[in-house]
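Note sheet for the following structure.
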Amino acid sequence: MQRRPGPADLLDRPMTSGPQTQDSPEAAPPERPSIWKRMYIPDILSGMMKSIRHAFRPRFTVQYPEVRKELAPRFRGEHRLKVDEHGRMKCVACYMCATVCPAKCIHILATEAPEDWDGREKIPLKFEIDELRCIFCGYCVEACPKDAIEMTTKVPRVYATRSEFVYDMNKLMTNDGPSSEFALGAAAARKGPIIKSAAQAVLDDAGDAAALPGLELREAIPTKPKD
Amino acid sequence: MDIWLDILKYALYAVIIFGATLVTAVLTVMGDRRLSALLQDRYGPNRIGPLGLFQLVADLIKLVFKEDRVIDGADRWLGFIGPLLAFIPGFIVVAFMPFGTTDGMTSLTFIEADVATLFILAIGALSAYGIAYGGWASNSKFSLIGGIRSSAQIISFEIAMGLAIAALILSIGNASLSEIVAFQVGTNEAVLQGRDGGEWFWWAQPIAFLVFLVAAFAETNRTPFDFPEAEQELVGGYHTEYSAMKFGSYMFGEYTAVVAMSAMMATLFLGGWDIGIDAWFLPDGQNLYMVIHEALDGNTWAVIINVVLSIGVVYTKVWLFIWLFIWVRWTIPRLKWTMLMNMGWKALIPLALVNIFLTGLVRYLVDLNEITWW
C-alpha cells in the first residue's frame, strides 16, 4: 500500500529503514476502534464484573500476630552459635564472619583455647552480634568454615532499649528452642518448656559460670507466644 | 419571640444535618477502606472498634493533634479558606434533600425551595474553589497543576450536570427537589392531572442518568477522574503541602462530596424515598406509605413508621451509589486528563443537549396528544 506522507518527506536524504519505508501492514496506524469500544461502557461493565468477583475470593492477609505464617527452614532469623558433640562451641574465633558482615555487627575477641580442648587454638572470649544492626543477609553463615553459626527461624524479637539487642555469647549459644514456635504456625501456639540447648546442658553440668573463661551466664529470655 | 423559636429550630436543623452527614461521611470513609479491601483480596482496618469502624476516629484524633505546617511563600489566608471550601458545600447540599415522607404524598425536607436544584448546583461548584485555592496557596508547581486540573475538570462537568438536570426540570416544569421526587412517586400535580409519571428517572431519562453519573464522578474527583490528586503523578496534587486538619478537611470533604452526590443521584434518579416495587402490588396512585397512613388513620404511629421507613429507603439508595463509587474506583484505571476533557466537552455536553431536545420534543408531542404511549 502507498506510504502515507510523513516526516520522511522532509528529510534531505531518503529514509532507508523504518516502518514507513516498507509496504507492510505495520506501517499504517491501527484502525479506530468501534463506537461501542470507544464509549468504554461495555468494557467498564465487564471490568466491574471482574472486580466484583474478587469480593468472593478468600483474602491473602495473614492476621499477625494471632496467626503466624509458616516459615521455611531456611528463613534467616536470629543467630545461634552451635556446639559440637562434646558440648564445646564450634567457633574458633577466625573472624571470617566479622569480616564478611556488611553491617559490621559482629564483634569478636579471641582468646587461647583451654588445653584439654584438643586441636583448638583459639576460642572467642567475647562474641557479640548486634541484632539491631544486622541485616539478616546470612553471609556470616556462608563464611563460617566450622559451621559454628547458623540462623534460626526465630523472627527477630523486639526490645525497648538498644542494648538489649546486642546478643552476647551466652544468649547466642542458647538461642535455639523457641524457634520451632515461630516456624510451625498454629502448632506453635502450644506452650511448653523452652528446650534447653546442648550448650546450656553443658553449662548446667559444669555448674559454675566461671568454668569457661569469659562467659557469664544469663538466662535465655523466654518469648511469650500469644495465646 | 417567634424569631427566637425560628432561630432555635433552624439551629436544630443545622445540628441534625451536620450530624447525619458527618456520620454518613465517616461511614463512607470506613466503607471505602473496607470495601476497597474486599475488592482487593485483603482486609481493611479491622482492629479498632467493631469491624474497624473507629479507625477514622483514631485517624482524625491524630490529625487534630498533628503539627500544622505552613510552607514558605504559601498564601496563609487562601490556605486556610481552601480546606473549608472543600469541606462545607457537601453539608449544604444535603440540607435540601427530601429525606422522607409522612403520608406518601409530600416530602420532608429541611429546606423547601422551588429553586433547590439550581441552588445545589451552585453550591456544589464551590468545592472547586476549595481545591483551586489549595493548589495555588501551596506555592508549588505540582500542587498548582493539581488545582488547575481540578477547576477545569469541575467547571466542564458542571455544565454537563446542569444540562442533565435541565432535562428533568423540563419533564416536570419545576426545579424543586420535592417535586422531582413527587413526580417519580406519582403524587405530583401534573401526574395526578393525567401526565404519565411514577417512573424513576433512571428509566425515564437514561441518557440524563448516564451523563449525570459520569459527571458526578468527575465532580467529586473520584477515580477514574481523580487527576487533581493523581497519587501516582503529583504525589498529592493540591493537598500535598497540607498537614493536620487542613489535609483532614480535604480528605473528609472529598468523601462528604461523595455522600452529597450520592444523595443527589438517589433523589433525582432513583426516586428518593419511593419504594417502587410497591407499585406491583398496590393499585395505581397508591404507595406503601399511603397505605400505612390510611390503615392507622394518620395517627403518630403511622407518621413514625413512615418517616423511619422512608429515611431507611433513601439511605439505602444513597449507600447503593456510594458502593458504586467505590466499585468503579477499583475497576477503571486513570486514563489521560486530555481524554477526560474531551469526554466532558465533546461527548457529555452534546449528549445532554440531544437529550434535552428529545425530552422537549416528546413533551411537545405528548401535550399535543400526538403520542399517547409516553
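The values are calculated or read from the model by the stated rules, or taken from the named source; none is laboratory data. These numbers were taken from a predicted model, which means no experiment stands behind them. Neighbour counts run over all protein chains shown; Cβ positions are idealised from the backbone, glycine included.
Annotation: of all residues in the stretch B:29-86 being among the basic types (Lys, Arg) and farther than 30 Å from A:PRO58 by Cβ, the one that is modelled with the lowest pLDDT is B:ARG69.
The rows are residues; the columns are (1) in contact with a helix residue (DSSP H, G or I) (Cβ under 8 Å, 6 or more places away or on another chain); (2) under 17 Å from B:THR240 (Cα atoms); (3) surrounded by fewer than 24 Cβ atoms within 10 Å (Cβ to Cβ); (4) of a type outside the set (Ser, Thr, Tyr).
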| residue | (1), (2), (3), (4) |
| --- | --- |
| B:ILE71 | no, yes, yes, yes |
| B:LEU78 | yes, yes, yes, yes |
| B:SER107 | yes, no, no, no |
| B:PHE110 | yes, no, yes, yes |
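Within the set of pairs 6 or more residues apart or between chains, which connect a residue that is within 15 Å of B:ALA128 (Cβ to Cβ) inside the stretch B:244-265 to a residue that is at pLDDT below 90 and among the acidic types (Asp, Glu) with Cβ atoms less than 6 Å apart? Sorted first by the residue in the stretch B:244-265, then by its partner, the list stays empty. Taking the residues in the stretch A:60-75 that are surrounded by 11 or more Cβ atoms within 10 Å (Cβ to Cβ) and touching a helix residue (DSSP H, G or I) at 6+ places or on another chain (Cβ under 8 Å) as candidates, determine which candidate is farthest from the other protein chains (Cβ to nearest Cβ). That would be A:PHE75. Being of a type in the set (Asp, Glu) and modelled with pLDDT of 75 or more holds for only one residue in B:GLU229, B:GLU219, B:GLU233, and it is B:GLU219.
Report yes if B:PHE142 is of a type outside the set (A, V, I, L, M) and modelled with pLDDT of 85 or more, otherwise no.
Working: of a type outside the set (A, V, I, L, M): yes; modelled with pLDDT of 85 or more: no.
Judged against the criteria, B:PHE142 is not a match.
Considering the stretch B:293-330, and only residues there that are in contact (Cβ under 8 Å) with a residue 24 or more places away in the chain, β-branched (Val, Ile, Thr) and farther than 11 Å from B:GLY100 by Cβ, the residue that is farthest from the other protein chains (Cβ to nearest Cβ) turns out to be B:VAL318.
A residue that is within 14 Å of chain B (Cβ to nearest Cβ), part of a loop (DSSP other than H, G, I, E, B), within 30 Å of B:ALA37 (Cα to Cα) and modelled with pLDDT of 80 or more occurs somewhere in the stretch A:42-57.
Going by the structure shown, is B:MET343 without any contact (Cβ under 8 Å) to a residue 12 or more places away in the chain, within 14 Å of chain A (Cβ to nearest Cβ) and within 22 Å of B:SER156 (Cβ to Cβ)?
Considered against the rule, which asks whether it is without any contact (Cβ under 8 Å) to a residue 12 or more places away in the chain, within 14 Å of chain A (Cβ to nearest Cβ) and within 22 Å of B:SER156 (Cβ to Cβ), B:MET343 comes out as no.
For the stretch B:39-67, a residue qualifies if it is assigned to a helix (DSSP H, G or I), touching a residue at least 24 places away in the same chain (Cβ under 8 Å) and within 14 Å of another protein chain (Cβ to nearest Cβ), and exactly one does: B:LEU39.
Within the stretch B:79-96, one or more residues are hydrophobic (A, V, I, L, M, F, W, C), over 23 Å from the mean Cα position of the chain (by Cα) and in a helix (DSSP H, G or I). Could you tell me whether the stretch A:118-133 includes any residue that is exposed (fewer than 14 other Cβ atoms within 10 Å of the Cβ) and either among the hydroxyl-bearing types (Ser, Thr, Tyr) or over 19 Å from A:HIS86 (Cα atoms) (or both)? No, because not a single residue in the stretch A:118-133 is exposed (fewer than 14 other Cβ atoms within 10 Å of the Cβ) and either among the hydroxyl-bearing types (Ser, Thr, Tyr) or over 19 Å from A:HIS86 (Cα atoms) (or both). Evaluate the following for A:ARG80: is it away from chain B (no Cβ under 14 Å) and closer than 25 Å to A:LEU132 by Cβ? Criteria met by A:ARG80.
Of the residues that make up the stretch A:81-88, is at least one in contact (Cβ under 8 Å) with a residue 24 or more places away in the chain and under 21 Å from the mean Cα position of the chain (by Cα)? Within the stretch A:81-88, one or more residues are in contact (Cβ under 8 Å) with a residue 24 or more places away in the chain and under 21 Å from the mean Cα position of the chain (by Cα). Restricting to the stretch B:35-58, count the residues that are buried (at least 19 other Cβ atoms within 10 Å of the Cβ) and touching a Pro at 6+ places or on another chain (Cβ under 7 Å). Counting residues in the stretch B:35-58 that are buried (at least 19 other Cβ atoms within 10 Å of the Cβ) and touching a Pro at 6+ places or on another chain (Cβ under 7 Å) gives 1. Looking across the stretch B:346-360 at every residue that is within 12 Å of chain A (Cβ to nearest Cβ) and either closer than 18 Å to B:LEU268 by Cβ or buried (at least 17 other Cβ atoms within 10 Å of the Cβ) (or both), the one that is farthest from the chain's Cα centre (by Cα) is identified as B:LEU351. Criterion first (closer than 24 Å to B:ALA260 by Cα and not aliphatic (A, V, I, L, M)) does B:GLY19 satisfy it? Here the answer is yes, as B:GLY19 does meet what is asked.
Condition check for A:CYS137 on (1) under 14 Å from the mean Cα position of the chain (by Cα); (2) surrounded by 15 or more Cβ atoms within 10 Å (Cβ to Cβ): one failure, at (2).
In the stretch B:326-340, the condition of being within 20 Å of B:GLY162 (Cα to Cα) and of a type in the set (Val, Ile, Thr) is met by no residue. Within the stretch A:63-71, is even one residue modelled with pLDDT of 80 or more and within 30 Å of B:VAL328 (Cα to Cα)? Yes, some residue in the stretch A:63-71 is modelled with pLDDT of 80 or more and within 30 Å of B:VAL328 (Cα to Cα). Tallying residues that are more than 30 Å from B:SER178 (Cβ to Cβ) and part of a helix (DSSP H, G or I) within the stretch B:116-145 yields 11.
Among the residues of the stretch B:253-285, write down those that are surrounded by 16 or more Cβ atoms within 10 Å (Cβ to Cβ) and of a type outside the set (A, V, I, L, M, F, W, C).
The answer is B:GLY253, B:GLU254, B:TYR255, B:THR256, B:SER262, B:THR267, B:GLY271, B:GLY272, B:ASP274, B:GLY276.
Report yes if A:ILE135 is assigned to a loop (DSSP other than H, G, I, E, B) and under 25 Å from A:ARG68 (Cβ atoms), otherwise no. Yes; evaluated as a whole, the condition is true for this residue. Checked against the criterion of being among the aliphatic types (A, V, I, L, M) and in contact (Cβ under 8 Å) with a residue 40 or more places away in the chain, the candidates A:VAL62, A:VAL100 yield just one match: A:VAL100. Would you call B:ARG34 in a helix (DSSP H, G or I) and of a type outside the set (Asp, Glu)? When the stated conditions are applied, B:ARG34 passes them.
Considering each of B:ILE155, B:ILE165, B:ILE148, B:ILE169 in turn, give the residue that is in a helix (DSSP H, G or I) and crowded, with 22+ Cβ neighbours inside 10 Å. Break it down into steps so the answer makes sense when it comes.
Details: B:ILE155 fails: crowded, with 22+ Cβ neighbours inside 10 Å; B:ILE148 fails: crowded, with 22+ Cβ neighbours inside 10 Å; B:ILE169 fails: crowded, with 22+ Cβ neighbours inside 10 Å.
Only one candidate passes the filter, namely B:ILE165.
Taking the listed residues B:ALA25, B:ALA14, the one that is loosely packed, with under 15 Cβ neighbours inside 10 Å and away from every other protein chain (no Cβ under 14 Å) is B:ALA14, with no other qualifying.
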